[in-house]
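**Q** The structure under discussion is supplied below as C-alpha cells; questions concerning it will follow.
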Amino acid sequence: CKQVGHVKANCPNKEKTKGGNDSNKTNNDQKKEKQWYNKNEENKTTMEHNGKTHYWCTTCNWGRGKWVLHKPSECYDKNDNNTSMPTTNTSDNGGSSSAGLIVMDLIEGGFIDLS
C-alpha cells in the first residue's frame with residue numbers, strides 16, 4: 001500500500017496476490033502440498049497438474065515412483081539401473097568401489113564441481 005509506517009508483512013491493507021505463497025499457511029502445510037508428486041493412489045499412468053502432463057515413473061525416487069515430466073521410457077535412471085542404493089562390496093578395495101561410484105554419479109550429475 002506504500003503508506004508510511006506500514007511494514008509489508010503486517011500491513012492491514014495487504015492484498016492477496018494470485019499464485020503467491022499464502023502467509024497464513026505453515027511450512028508443514030506447504031510441504032504437504034508439494035508431496036502430491038510422490039502419490040499415485042489411483043494407479044494412473046498420466047495426469048494433468050498446473051497445465052502440464054505428468055507421467056508416473058516407477059524408476060524415479062529410488063524405485064518408489066514419482067510424477068515427473070519425462071516419459072518413463074525416457075527415464076535417465078532406467079539406463080543406469082539406479083533404482084536402489086548401491087550395496088557396499090567389501091571384497092575389493094575395502095568397500096571403496098561403491099563410494100567411488102557414488103562420487104562419480106554426483107560429479108556426472110553436476111552435484112559436485114571439482115574445478
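Derivation of every value follows stated rules applied to the coordinates shown; laboratory data play no part. Computed from a predicted structure; not experimentally measured. Positions of Cβ are generated from backbone atoms using ideal geometry, with glycine treated the same way; all protein chains shown enter the neighbour counts.
**Q** If packing is taken as the average count of other Cβ atoms within 10 Å, what order do 45-56, 2-13 fall into, highest mean first? Walk me through the numbers on the way to the answer.
**A** Details: 45-56: 11.6, 2-13: 7.9.
Taking the mean over residues of other Cβ atoms within 10 Å, the ranking is 45-56, 2-13.
**Q** Now, a different point. Determine the alpha carbon to alpha carbon distance for each of Lys2/Lys34; Lys31/Lys71; Lys44/Lys71; Lys8/Lys31; Lys44/Lys66; Lys32/Lys66 and list only those over 21 Å.
**A** On the way: Lys2/Lys34 33 Å; Lys31/Lys71 25 Å; Lys44/Lys71 13 Å; Lys8/Lys31 24 Å; Lys44/Lys66 11 Å; Lys32/Lys66 15 Å.
Those over the limit are Lys2/Lys34; Lys31/Lys71; Lys8/Lys31.
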